[in-house]
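Participant: Please see the structure below; I have some questions.
What follows is calculated from the coordinates using simple rules that are stated; it is not laboratory data. These numbers were taken from a predicted model, which means no experiment stands behind them.
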Amino acid sequence: MTRTNKINKKLENKYKKIKKKIDCSKYIETCKAECCGIVPIPLDIFEKHKEKIGNYKILPSPIVDVVIPVNNFTGKCAFLDENCKCAIYEHRPGVCKLQGNIMEMPCPYRS
């Protein structure tokens, strides 16, 4: 298991322990996925799902087994569709799952 996969697994485990998770679908019309910026994606997740994205570029990453795909038009994560919904929501990285669910990464739209 690569270092990135170990880190992602730790983030996933932290997410699993959260009892009341945010439902982004309630806020997406207002926030337009503000939190979904440039996100490092583990290479294995990217390779499995890259056919779901269109016009993107890969930013340089200092980490070997990570890619940073960016939409050429919006500058946000390349996996966001035209409705600001995540094309890999069920397979998104741990850091994405924690967004809005932990104090260090709050959602300003969550009540």
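Participant: At what distance in angstrom do the alpha carbon centres of segment 86-111 and segment 3-30 lie from each other?
Facilitator: Segment 86-111 and segment 3-30 have Cα centres spaced 5 Å from each other.
Participant: With volume of the Cα convex hull per residue in Å³ defined as stated, name the option among (1) 99; (2) 107; (3) 221 computed from the structure displayed.
Facilitator: Recomputing volume of the Cα convex hull per residue in Å³ here picks out (2).
Participant: Relative contact order (percent) for segment 3-98, with alpha-carbon contacts under 8 angstrom and 6 or more residues of separation?
Facilitator: 35
Participant: Extension gain L59-K16, at 0.36 nm per residue separation less the Cα-Cα distance, in nm?
Facilitator: Gain on stretching L59 to K16: 12.5 nm.
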